[in-house]
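Visitor: First the structure, then my questions, so here it is.
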Amino acid sequence: MNKINSRSLHRDLGYFYLGLIITFAFSGILMNHRDNWHPEKFTIEAKEIQVDLPKNEKDIDDAFAENLTKELIIKDKIKRHNIRKGKFKMQFENTEVEIDLETGKGEIVSFIKTPIVSQTMFLHKNTSNWWIYFSDIFGISLLFIAITGAMMIKHGRHTFKRRGWKLTLLGFLFPILFLMFS
């Protein structure tokens, strides 16, 4: 590919993917901190509850979860329930229930999804086939943009040969160090 075509393709792919790059960067930053706060949703009500749970964890099944949903008057579509770390958890579209297995004390938290933020974060979690293929094409395009961008400056002190390769190596060093020490 000659210089004019690769520059034009670099520029046009950059323009085409600019919105997606901004969206992924924004939602990626939010997802990095989702254990500290929940940017995807915000609580509108939290209510303490006391529930009589079966003594045997095996009795906490789908039927129990359905009956408890009715008993707690939760009018929301159940997504899943599980037992983890001494807690019985039920997740709904807009509600979460968490109950301590030993004490039966728990909480019902109702929330609504944060507009725009929840949709952008969904992009990171979406696994539909067409989105996976689009993301693969996006990844390949980012590789092309990065490589052609590094090679664009041909003369002077700031070329890839003189300076760029050192910065590129430094850029590779950070994820390698992270993987080594995590």
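Visitor: Kindly indicate which of 24, 16, 42 is more than 22 Å from residue 121 (Cβ to Cβ), at pLDDT below 90 and within 30 Å of the chain's Cα centre (by Cα).
Guide: 16
Visitor: Also, quick follow-up: Taking the options 118, 135, 141, name whichever one is small (Gly, Ala, Ser), under 30 Å from residue 66 (Cβ atoms) and in a helix (DSSP H, G or I).
Guide: Just one listed residue meets the conditions, 118.
Visitor: Out of everything in segment 73-108 that is surrounded by fewer than 16 Cβ atoms within 10 Å (Cβ to Cβ) and aliphatic (A, V, I, L, M), what residue ends up being nearest to the chain's Cα centre (by Cα)?
Guide: Selected residue: 83.
Here's the yes/no breakdown for (1) in contact (Cβ under 8 Å) with a residue 12 or more places away in the chain; (2) under 21 Å from residue 111 (Cα atoms); (3) of a type in the set (Gly, Ala, Ser):
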site: 8; (1), (2), (3): no, no, yes
site: 33; (1), (2), (3): no, yes, no
site: 46; (1), (2), (3): yes, yes, yes
site: 61; (1), (2), (3): no, no, no
site: 65; (1), (2), (3): yes, yes, yes
site: 68; (1), (2), (3): yes, yes, no
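The values are calculated or read from the model by the stated rules, or taken from the named source; none is laboratory data. Just so it is clear, the model here is predicted, and its values are computed rather than measured. All Cβ positions, even for glycine, are placed from backbone atoms using ideal geometry, and neighbour counts span all protein chains on display.
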